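Chemist: What follows is a single structure, and I will ask about it in a moment.
Please treat every number below as a calculation from the coordinates, not as lab data. All values derive from a computational prediction rather than experimental measurement. As a convention, Cβ positions derive from the backbone with ideal geometry for all residues, glycine included, and neighbour counts pool all protein chains shown.
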Amino acid sequence: MNSEAEVLLEEDTQKNKFLTFVIGNENYGIDIKVVTEIIGIQTITTIPEMPDYVKGIINLRGKINPVIDMRLKFKKNYVPYNDRTCIVIIEVEGIAVGLIVDSVSEVIEIAEENIVLPPNVKNNSNKYVKEIGKVGTDVKLILDYYKLIFEVDS
C-alpha cells in the first residue's frame, strides 16, 4: 500500500509530463498520468450505429475497450493504418478508451512557464485542446482527456 508521501511523490514526478504523438501533420500531447499503455494496431470489432470516429472495440487481455480514431475525431481524412499506427490506452475515472494515432513520439516534460492557454477561437475548433506546450521551436497541442472521453460531439 502506498503511503500518502509516496503517492504525492509519484504525482509530482508525473507533473507536466506528456506522451506526445502525431495525427496528420500536428503534434499532440496527453498527460502521462492517464496513459496506461501503448499497443500496436490490432483487430477492431465494429459496432453498428456509432459515430464514424468510434472504430469499435478491442479485447485487451480480457477487457473490452472502445477505440476512437483520432484522425476522424478531429475531422481529418482517413488514412489506412500502418506499422507506425498505435493505440494509446488512457483511463479516466475508471473508464479505459483506446485512441488511434498515426504514431507515438516520446514522453516529454514541459516546464510550467512553457505551457499556455490556446487562443480563443469563435468556431470551437479547439475544444479538445486544453493547453499549448512550447518545446524548443515546436508546439505540442495538449489535449483535454476528460472532454475527449466524456463530451459528446454535436
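Chemist: Once you charge only the Cβ atoms, +1 for Lys and Arg and -1 for Asp and Glu, what is the size of the charge dipole of the chain about its Cα centre, to the nearest 20 debye? Don't skip to the end; give the middle numbers.
Modeler: On the way: 17 positive and 24 negative charges, 139 e Å.
Approximately 660 debye in magnitude.
Chemist: If you take every residue apart from residue 140 with its C-beta less than 11 Å away from the C-beta of residue 140, what net charge results, scoring Lys and Arg +1 and Asp and Glu -1?
Modeler: Overall, the nearby charge balance is -3.
Chemist: A follow-up question, please. Which net charge results when you count Lys and Arg as +1 and Asp and Glu as -1 among the other residues whose beta-carbon is under 15 Å from that of residue 94?
Modeler: Values: positive: 33, 63; negative: 91, 93.
Net charge in that neighbourhood comes out at 0.
Chemist: Here is a further query. Neighbouring Cβ atoms within 10 Å as the yardstick, rank 130, 76 fewest first. Show your work: numbers first, answer last.
Modeler: Numbers: 130 20, 76 15.
Result, fewest neighbours first: 76, 130.
Chemist: Would you list 50, 70 from fewest to most Cβ contacts within 10 Å? Could you put the intermediate results ahead of the total?
Modeler: On the way: 50 13, 70 21.
Sorted ascending by nearby Cβ count, the order is 50, 70.
Chemist: Quick one: what are the phi-derived ³J(HN,Hα) couplings along segment 94-106, Karplus 6.51/-1.76/1.60 with θ = phi - 60°, whole Hz, x for glycine and proline?
Modeler: Once θ is set to phi - 60°, the couplings for segment 94-106 become x, 9, 9, 9, x, 10, 7, 10, 5, 6, 9, 9, 6 Hz.
Chemist: Label the chain by shape, choosing from rounded, prolate and oblate, from the square roots a ≥ b ≥ c of the eigenvalues of the Cα gyration tensor; if a/c is under 1.5 it is rounded, and otherwise prolate applies when a/b is larger than b/c, oblate when it is not. Before the final figure, lay out each step's value.
Modeler: Values: a/c = 1.65, a/b = 1.18, b/c = 1.40.
Verdict is oblate for the chain.
Chemist: Taking a quarter of the surface of the convex hull around the Cα atoms of segment 45-136, what do you get in nm²? Don't jump to the answer; show the numbers that get you there.
Modeler: Working: hull surface 34.2 nm².
Mean shadow area of the hull around the Cα atoms is 8.6 nm².
Chemist: So who's got an amide H within less than 5 Å of the one on residue 55, skipping anything under 5 residues away but keeping other chains? H placed 1.01 Å off N, in plane.
Modeler: Correct list: 67, 68, 69.
Chemist: Each residue of segment 130-137 in turn: what ³J(HN,Hα) in whole Hz from Karplus with 6.51, -1.76, 1.60 and θ = phi - 60°, glycine and Pro shown as x?
Modeler: 8, 8, 10, x, 9, 10, x, 9
Chemist: If you don't mind, there's one more thing I want to ask. Test of understanding: ordering 93, 26 by Cβ neighbours within 10 Å, fewest first, what list do you get?
Modeler: Numbers: 93 8, 26 14.
Final ranking by Cβ density, sparse to dense: 93, 26.
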